[in-house]
Amino acid sequence: MEHFAPAQQVYAAGLIFARLAAIVMLIPGIGETFVPVRIRLSFSLALAFVLFPLIGQTVPAIPADLSGIGGAVIKETLIGVMIGSILRFFMLSLASAGEIMSIQSTLGFSQTANPMQASPSTSIGTFLGLLGLVLIMTTNLHHMFISAIVRSYTIFPFNRDIPLADANTLAVQTVSRSFALGLQLAAPVVAFSLIFNIATGLVGRVMPQFQIYFVTSPLMVLFALSIIALSLGVIGMVWIDHYRDLLAMFA
């Protein structure tokens, strides 16, 4: 910006900030609920100043009336919410996998405060969610967030209407893919639980006097946690590959 900041530059910076703030408030990592809102907004403002020399020239002229300015701000905010929500929705795959694993391993009663959802969830689901954040940061996948933000101004320029139909379709596809991936990630525990329950039922039929639940419940927890520990590396690799493919759509 120039030192006197004319109205066009202020308007352009405001539109850029509106989209960036909406995205940053929702993306995994810095967009988590345990990160203070002021930190997220400050990061958005700093990023807006950084991107202004690249994007500021593409901002259209200031509308003649106040309603046009408000409509442009709302439009940019909605685009940011759309992009951030899509990136957030895919995190549901880890939460779904954790819930399925907890139910199948009889650990569904173990609840832990989930810092990413601001509400209690199963301990396994909370652990997998934190694992996903660690993988995003350690694999430098968060750098693709910046690339996706810059690319969004090419895919959704300022003079283009919001593609509501395409956004709805992408959101539905992302949620369905996340739940399907969650079931795939939990497949080893689900397969073991099915086999173990069938074997438990057969033993109960053969020896009705045997205290089957007293013996099998600890074994179920022990074996399920062992399977989760053994498959944890594969779960992380498969999930991060799918998330990288999702980011590649925007970046």
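Taking residues in the stretch 50-69 that are free of Cβ contacts under 8 Å to residues at least 60 places away in the same chain, and partners anywhere that are exposed (fewer than 15 other Cβ atoms within 10 Å of the Cβ) and not in a loop (DSSP other than H, G, I, E, B), the pairs with Cβ atoms closer than 8 Å and at least 6 places apart or on different chains are Ala61/Gln8; Ile62/Ala7; Ile62/Gln8; Pro63/Gly71. Evaluate the following for Ile79: is it surrounded by 22 or more Cβ atoms within 10 Å (Cβ to Cβ) and touching a residue at least 40 places away in the same chain (Cβ under 8 Å)? Yes; evaluated as a whole, the condition is true for this residue. Which residue is farthest from Asp245 (Cα to Cα), if the candidates are limited to the stretch 124-146 and must be polar (S, T, N, Q) and free of Cβ contacts under 8 Å to residues at least 24 places away in the same chain? The qualifying residue farthest from Asp245 (Cα to Cα) is Thr138. Among the residues making up the stretch 147-162, none is surrounded by 13 or more Cβ atoms within 10 Å (Cβ to Cβ) and free of Cβ contacts under 8 Å to residues at least 24 places away in the same chain. Residues of the stretch 131-146 that are surrounded by 14 or more Cβ atoms within 10 Å (Cβ to Cβ) and assigned to a loop (DSSP other than H, G, I, E, B): Thr139, Leu141, His142. Within the stretch 82-101, one or more residues are part of a helix (DSSP H, G or I), crowded, with 20+ Cβ neighbours inside 10 Å and touching a strand residue (DSSP E or B) at 6+ places or on another chain (Cβ under 6 Å). Residues considered: Ala171, Ala165. Of these, the only one that is exposed (fewer than 14 other Cβ atoms within 10 Å of the Cβ) and farther than 25 Å from Tyr11 by Cβ is Ala165.
Of all residues in the stretch 159-179, those satisfying the criterion of being out of contact with any helix residue (DSSP H, G or I) (no Cβ under 8 Å at 6 or more places or on another chain) and either assigned to a helix (DSSP H, G or I) or closer than 24 Å to Ile235 by Cβ (or both) are Leu164, Ala165, Asp166, Asn168, Thr169, Val172, Gln173, Ser176. Output the residue which, of all residues in the stretch 195-251 that are of a type in the set (A, V, I, L, M) and outside any helix (DSSP H, G or I), is surrounded by the fewest Cβ atoms within 10 Å (Cβ to Cβ). Among those that are of a type in the set (A, V, I, L, M) and outside any helix (DSSP H, G or I), it is Met207.
Quick note: the coordinates plus some simple rules give every number you see, no bench work behind them. The structure displayed is predicted, hence computed values, not measured ones. Counting neighbours? That spans all protein chains shown, and the Cβs are built from the backbone with ideal geometry, glycine included.
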